[in-house]
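Right, one structure below, let's go through it.
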Amino acid sequence: MLTKIIDWSARNRFLVLLATLFIVIGGIYAVMRTPLDALPDLSDVQVIVYTEYPGQAPQVVEDQVTYPLTTAMLSVPKSKVVRGFSFFGASFVYIIFEDGTDIYWARSRVLEYLNFAAGRMPKGVTPQIGPDATGVGWVYQYAVLAKDKTLAELRTLQDWYLRYQLTKAHGVAEVASIGGFVQTYQVTVDPVKLRSYGIPLAKVSQAIRDSNRDVGGRVIEMAETEYMVRGKGYLRGIADIEGLVVKSDKGTPVLVRDIARVELAPDERRGLTELNGEGEVVSGIAMARYGQNALEVIHNLKEKIGEISSGLPEGVTIQTVYDRSELIHRAIDTLTRTLAEESLIVALVCVVFLLHLRSALVAILMLPVGILIAFISMRLLGMNSNLMSLGGIAIAIGAMIDAAIVMIENAHKHIERLPEKHSHSERIEAMILACKEVGPALFFSLLIITVSFLPVFTLEAQEGRLFSPLAFTKTFAMAGAALLSVTLVPVLMMLFIRGKIMPESKNPVNRFLIWAYRPIIAGVMRWKKATIAAALLALVVSIYPASKLGSEFMPTLNEGTLFYMPASLPGMSITKAAELLQTQNKIIKSFPEVDSVYGKAGRANTATDPAPTEMFETVINLKPESEWRPGMNIDKLIAEMDKALQFPGVSNAWTMPIKAR
């Protein structure tokens, strides 16, 4: 059957080239539309249920919120793990699903069970489902700066303007706020006055709650015009709250100001941010939606920031403190350059060994078509273009052109055997015969190489998510090369293998290699037992060094940004955390290799961040390595920073942002 396919392809060149053109167009479209990221998202398919229970201790939160929610979620279909965490005033429940579960199907199932569990919650407590994003989705972070604005004013701007505007950017799941002060009206009651007036505390809060509302009435008609009647009762300031009536004693009202002090004060804080050791700032964290193109999301965010910047108050600026697009561009550029270098080396080797430029073009042109087939398959399966997926293509490049080279060499041999004055039709028939002679064997050899990565597909969980993109793309590329070896390669041979073909015996490169190879092969064939014994000895000797090699889940990726994660003893106050964070950032910023330092203590206002106050997360953006001190590298820099950041009761940890998430 394969010989018939080869024969049909060689005699129907137009149809094969037309099909190749469609493949090239589809491949280019797939390359442009394939989502880009630095690494595969290794996080599990999970849904987070976040519940606020203000002012309650962790044990109360555990008993009244976390435990009922966790037990209710145990029976969610396809869930494999349910984890609950209780903090002061907040509960986090993580439902981990089986690999391959659709994230939105999982979210809908959790919502169904959440409706049942909500009835078991304390009064006023409402569980909410987290965003359709993961911790790895923290692709962009920014700080809101202004010299003449307070942290409370900047936080108000972030919460009520910037956050909503940036959430509109395509692909953004959530924009979380952290830092600054959330303004609240606080009513501080005098217990002595409450007792003297005989007013319970609950009545004060009830009076304020009942008074903060508008009341709708009917309509009245006057002079052929209809007027709507409504009572305006929303509280709009301190004076409105102070004038509320709590109790009336014999016609004498008791107002809120008679029993309490009303003031504008910051809400309780469970997180803060600091920039460059210069003081606290207000920040925002933009999260990419699950499965979205991270690079496109960041681009959309930057465009949206550019649009709204002109509408910000005078003096207010938005400064980027973490931008993953730089890493993505570096990673993709590195792999693109590597693929180009591999292709050039392959082309050079073909030219040197064949000494026939047109023949070398057959292998050279087949290579990008095979790569485009891999990209089409990636696009159809919804895979991202990242280090691992492109790495699979890089691994496959060397083997992809094997079939083309062998078929070209066999065609050269057949052409050498033709009479010196042979016709064009005889030349074509000789090349078709050469392709039929080795084509089926080459096709199956490429298929064998293709299935060599099948064991990788059996990997599960994080290792499966990490290595399966590499296995998929290598398999796609090799399968594409196998298909092209019996279709496109014979057609290209008909088009390009023309003119005088230099016999192998006259090729100086081949003659030299044969001259060097023959004595070696003659020697090992003469001393068979010694050759086998030497091979076994080398195998035995290699066992000891192999057993001493270290192992790691994945090689360290230099993201160009350091992530400093110190942890202190539980119970640290927010004030002490702010002081320690600023001190650490000031020390880090003093290193000449550091461009900016952005630190976070505690958690942001999002379900994807359960960090306690005593946990710090500091993003250290580094300058280009050309601006570093002579002899400095990333390991030395981390060692120097770690030595400078030794504080009592603080345990240092160093990693990279994506790896930490």
| All positions within the range 325-357 that are buried (at least 17 other Cβ atoms within 10 Å of the Cβ), under 17 Å from S389 (Cβ atoms) and modelled with pLDDT of 75 or more | L327, I328, A331, I332
| request: Considering only the range 474-487, state which residues are farther than 19 Å from L339 by Cα and either within 27 Å of the chain's Cα centre (by Cα) or surrounded by 24 or more Cβ atoms within 10 Å (Cβ to Cβ) (or both). | output: L484, S485, V486
| query | Taking Q128 and the conditions (1) surrounded by fewer than 16 Cβ atoms within 10 Å (Cβ to Cβ); (2) closer than 23 Å to S596 by Cβ, which numbered condition does it fall short on, given that it satisfies the others? | reply | (2)
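Based on what the data block shows, is S9 assigned to a helix (DSSP H, G or I), buried (at least 16 other Cβ atoms within 10 Å of the Cβ) and either at positive phi or touching a Pro at 6+ places or on another chain (Cβ under 9 Å) (or both)? Lay out the reasoning, then the answer.
Values: assigned to a helix (DSSP H, G or I): yes; buried (at least 16 other Cβ atoms within 10 Å of the Cβ): yes; either at positive phi or touching a Pro at 6+ places or on another chain (Cβ under 9 Å) (or both): yes.
So S9 fits the description; yes.
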| Of residues in the range 603-639 being in a loop (DSSP other than H, G, I, E, B) and of a type in the set (A, V, I, L, M), the one farthest from the chain's Cα centre (by Cα) | M632
| Candidates A374, A434, filtered to the one that is without any contact (Cβ under 8 Å) to a residue 60 or more places away in the chain, in a helix (DSSP H, G or I) and crowded, with 16+ Cβ neighbours inside 10 Å | A434
| request: Among the residues of the range 168-190, count how many are assigned to a loop (DSSP other than H, G, I, E, B), open to solvent by less than 50 Å² (accessible area, probe 1.4 Å) and of a type in the set (D, E, K, R). | output: 0
| Is there any pair with a first residue in the range 637-649 that is over 13 Å from M565 (Cβ atoms) and a second that is of a type in the set (A, V, I, L, M) and in a helix (DSSP H, G or I) whose Cβ atoms are under 6 Å apart and which are 6 or more apart or on different chains, and what are they? | A644/I587
| query | Which one is most open to solvent (accessible area, probe 1.4 Å) among residues in the range 582-597 that are in a strand (DSSP E or B) and out of contact with any Ser or Thr (no Cβ under 7 Å at 6 or more places or on another chain)? | reply | D595
| request: Report, by residue number, each residue of the range 25-72 that is loosely packed, with under 14 Cβ neighbours inside 10 Å and either touching an Asp or Glu at 6+ places or on another chain (Cβ under 6 Å) or not polar (S, T, N, Q) (or both). | output: I25, I28, M32, R33, P54, G55, A57, D63
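Looking at the structure I just gave you, is I397 among the aliphatic types (A, V, I, L, M), over 21 Å from I501 (Cα atoms) and surrounded by fewer than 18 Cβ atoms within 10 Å (Cβ to Cβ)?
No; evaluated as a whole, the condition is false for this residue.
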| remark: Of the residues in the range 191-218 that are part of a helix (DSSP H, G or I) and open to solvent by less than 50 Å² (accessible area, probe 1.4 Å), the one that is farthest from K600 (Cα to Cα) is L194
| note | Being in contact with a strand residue (DSSP E or B) (Cβ under 6 Å, 6 or more places away or on another chain), without any contact (Cβ under 8 Å) to a residue 24 or more places away in the chain and surrounded by fewer than 11 Cβ atoms within 10 Å (Cβ to Cβ) narrows E226, E221 down to just E226
| query | Does L539 satisfy the condition of being modelled with pLDDT of 75 or more and either open to solvent by 80 Å² or more (accessible area, probe 1.4 Å) or closer than 30 Å to H329 by Cβ (or both)? | reply | yes
| Just checking, which of F512, F457, F453 is open to solvent by 30 Å² or more (accessible area, probe 1.4 Å) and at pLDDT 75 or above? | F512
| task | Could you grab me the full set of residues in the range 93-113 that are touching a helix residue (DSSP H, G or I) at 6+ places or on another chain (Cβ under 8 Å) and open to solvent by less than 10 Å² (accessible area, probe 1.4 Å)? | result | V93, I95, F97, V110
| said: So, restricting to helices (runs of 4 or more DSSP H) that lie completely within the range 461-539, which ones have at least 3 residues that are of a type in the set (S, T, N, Q)? | reply: 461-485
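Here is a yes/no grid of residues against (1) outside any loop (DSSP other than H, G, I, E, B); (2) of a type in the set (V, I, T); (3) open to solvent by 10 Å² or more (accessible area, probe 1.4 Å):
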position	(1), (2), (3)
L264	yes, no, yes
T273	yes, yes, no
S283	yes, no, no
M287	yes, no, no
V297	yes, yes, no
L301	yes, no, no
K304	yes, no, yes
| Top-ranked residue in the range 358-388 [being touching a Pro at 6+ places or on another chain (Cβ under 7 Å) and hydrophobic (A, V, I, L, M, F, W, C); ranked as nearest to I405 (Cα to Cα)] | M388
| task | Only residues that are in contact (Cβ under 8 Å) with a residue 12 or more places away in the chain and either in contact with a strand residue (DSSP E or B) (Cβ under 8 Å, 6 or more places away or on another chain) or closer than 20 Å to T188 by Cβ (or both): list them for the range 246-261, please. | result | V246, K247, V254, L255, V256, R257, D258, I259, A260, R261
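The values are calculated or read from the model by the stated rules, or taken from the named source; none is laboratory data. Being a predicted model, the structure only gives us computed values, none of them experimental. When we count neighbours, we look across all protein chains shown, and the Cβ atoms used for this are built from the backbone with ideal geometry, even at glycine. We work out accessible area using only protein heavy atoms, side chains counted, and drop any ligands, DNA or RNA first. Shrake-Rupley method; radii C 1.70, N 1.55, O 1.52, S 1.80 Å.
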